[in-house]
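Report on the following structure.
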Amino acid sequence: MRMQDQQDQAPGIRLTAEAYFPTLIFFRDLPNGPELNARLKPAIYALREEHPEGLVRSNVAKAGSWHSPDDLATRPAFAELCREVVGHASIVFGELGYDPDCGPEISNMWANVHPRHGYNRGHTHPNVLWSGVYYVQSPPRAGRIVFIDPRAQALAKQPIYRSGRDLPASLWSEVWYEPIEARLLLFPAWLQHEVEPNLSDLPGSAGDRVSISFNIVQRRRPAGTQVGGA
C-alpha cells in the first residue's frame, strides 16, 4: 500500500516533526549603506589600481575577477564597515548563546570586483567560525551567492516530490541570495557557497559587482570590556 493511501485512510494521524542541525544565515540591510558605499567604492578601486594583480583564491582571475589584499580590516577607509560587522556579529553571538567573554574579531577582510562574466568557484572558509559578505555595488544580473546543503549524504539520493508543490525551506538542497546593495550577510564559515557569473549588461565599471568579504573568529575579551550591539 502506498503511503498516500495510508494517509487517505487515516487522516487524523499526525506525526510530531522535530528539526535538528539547522544551518543559520543572518542578514541585514544597513540603513547607512548608501552613504557607506559611496565612500567604500572609490577606496576599493584605488586598491585595485595599487594591486592590479590581486590575490587568487576562489575568484576566477581568468574571468577578470579581482581579489584585493586581505588586510582591509587594518585600513582606515574600512573602519566603519568593520564596526558594523563586529556589531552585528556580536548580536549573532548573543542570540546563539556564545560565551559573552569571547567576542567576535575580524581575522581578515578583502574586496572583490567581478566584471562581466566574473565569478567565484564553490568553496568554504577553513579555520574560522563565521564568514560574511557586504555588497557595495550590484547592477542587475550581477550574480547571486549560492549556498549548498552541507549534508553530503542528503545529496546522494534526492526524493521525487509532487509537481506544483512549493517545498519548505527545510527541504531545499540549495538557497541563493540576490546581491542587494548595502546588505550584510553572515553565515557559518564551513557552509559551501559560490558566486554566479556576473551577467550585467551595463558598460564599464557600472557593470561591476563589488563586494567585501570577511572572516570572523572568537576572541576572549579583555577584562572590563563592555559588550555592545550594532
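The values are calculated or read from the model by the stated rules, or taken from the named source; none is laboratory data. Model, not experiment: these values are computed from the prediction. In this analysis, Cβ positions are derived from the backbone assuming ideal geometry, glycine residues included, and neighbour counts consider all displayed protein chains. Surface accessibility is based on the protein's heavy atoms, side chains included, excluding ligands, DNA and RNA. Shrake-Rupley method; radii C 1.70, N 1.55, O 1.52, S 1.80 Å.
Things to note:
- Annotation: His117 carries an accessible surface of approximately 100 Å², with a 1.4 Å probe and no ligand, DNA or RNA atoms counted.
- Under the criterion of Cα pairs below 8 Å and six or more residues apart, the relative contact order for the stretch 98-221 equals 55 percent.
- Net length gained if the chain between Tyr45 and Asn32 were fully extended (0.36 nm per residue, minus Cα distance): 2.6 nm
- Distance between the C-alpha centres of the stretch 144-175 and the stretch 18-58: 27 Å, rounded to the whole angstrom.
- Helix 33-50 and the longest principal axis of the C-alpha atoms of the chain enclose an angle of approximately 60°.
- When GluC sites (Glu not before Pro) are flagged only if DSSP places them in a loop and at most 16 other Cβ atoms lie within 10 Å, the longest unflagged stretch of the chain comes out as 54-230.
- Rh (Kirkwood; distinct C-alpha pairs) - the chain, Å: 19.7 Å
- Among the chymotrypsin sites (Phe, Trp or Tyr not before Pro) found in the stretch 1-103, those both in a DSSP coil and sparsely packed, with 16 or fewer other Cβ atoms within 10 Å of their Cβ, are Tyr20, Tyr98.
- The Stokes-Einstein estimate for the stretch 98-230, based on a Kirkwood radius over Cα pairs and taken at 37 °C with 0.692 mPa s viscosity, is a diffusion coefficient of 193 µm²/s.
- Extension gain, Leu15 back to His117 (0.36 nm per residue minus Cα-Cα distance, nm): 32.0 nm
- Given charges at Cβ of Lys, Arg, Asp, Glu: the chain dipole, positive-most of Leu81, Tyr98, Phe147: Phe147
- Sparse-neighbour loop sites [trypsin sites (Lys or Arg not before Pro); the stretch 160-225; at most 12 other C-beta within 10 Å; DSSP]: Arg162, Arg165
- Counting all C-alpha pairs of the stretch 70-173, share separated by more than 17 Å (%): 69 percent
- For the chain, the Cβ-based charge dipole about the Cα centre amounts to some 300 debye (Lys, Arg positive; Asp, Glu negative; other atoms uncharged).
- Kirkwood analysis of the Cα pair distances in the stretch 18-140 returns a hydrodynamic radius of 16.2 Å.
- What a 1.4 Å probe finds exposed on the stretch 107-230 is 53% carbon and sulfur by accessible area, rounded to a whole percent.
- Sequence-separation-based contact order of the chain, relative, with Cα cut under 8 Å and 6+ spacing, percent: 31 percent
- From its DSSP helices (H runs of at least four residues, each -39,500 (n - 2.57)), the chain gives a residue-normalised ellipticity at 222 nm of -6500 deg cm²/dmol.
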